[in-house]
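Written below as C-alpha cells is the structure these notes are about.
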C-alpha cells in the first residue's frame, strides 16, 4: 500500500533528499508533526504560518496583481503583460511558460523561486487522478 503524503512533506522531502539521501518521508512527517508545524492531516499549523516556517500559497478569487505577486514573488522579475486574469485567477501566456521552462532547465532559479513556481504550477496542472 502506497502512502500519499501531503504536498508540504513531499516538498520538504525533495529538498532534504539532496543533503540527506537516507531521509524518509515518514521521518519528515513525524518531525514536522512533533515540532507542531503540521496538523495530523498535513496542513500547516497557525504557529508554522505565523512564524513564517511555512508559506501559504492559497489564492483567493479576484486578487489584484500586486496581491498575486505577494503570494508568488518570483513573478516580479517578469513583465506583467504576460499575465491575465482568467475566471478570477491570474494566469500567464504560453510565451512566459516557455521562458520559465527554459530558465528552469538552465537552473537559473533559486531554491525559493523553484518553490514558488512549483506551487503555482501544481495548482494549475491536472493531477494524475484527473488524467
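The values are calculated or read from the model by the stated rules, or taken from the named source; none is laboratory data. These numbers were taken from a predicted model, which means no experiment stands behind them. Counting neighbours? That spans all protein chains shown, and the Cβs are built from the backbone with ideal geometry, glycine included.
Observations on the model:
- Within the set 25, 17, 55, the sole residue that is within 18 Å of the chain's Cα centre (by Cα), within 30 Å of residue 80 (Cα to Cα) and either outside the structural domain of residue 80 (by the TED database) or surrounded by 10 or more Cβ atoms within 10 Å (Cβ to Cβ) (or both) turns out to be 55.
- Qualifying residue in region 103-111 (condition: more than 24 Å from residue 8 (Cβ to Cβ), in a loop (DSSP other than H, G, I, E, B) and not assigned by the TED database to the domain that holds residue 11): yes
- In the condition set (1) in contact with a helix residue (DSSP H, G or I) (Cβ under 7 Å, 6 or more places away or on another chain); (2) assigned by the TED database to the domain that holds residue 115; (3) within 15 Å of residue 115 (Cβ to Cβ), residue 69 is compliant with all but (3).
- Spans of helices (runs of 4 or more DSSP H) in region 2-69 with at least 1 residues at pLDDT below 90: 7-19, 46-50
Quick grid of which residues meet (1) within 24 Å of residue 10 (Cβ to Cβ); (2) touching a strand residue (DSSP E or B) at 6+ places or on another chain (Cβ under 7 Å); (3) surrounded by 14 or more Cβ atoms within 10 Å (Cβ to Cβ); (4) touching a residue at least 60 places away in the same chain (Cβ under 8 Å):
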site: 32; (1), (2), (3), (4): yes, yes, yes, no
site: 83; (1), (2), (3), (4): no, yes, yes, no
site: 115; (1), (2), (3), (4): yes, no, yes, yes
site: 119; (1), (2), (3), (4): yes, no, yes, yes
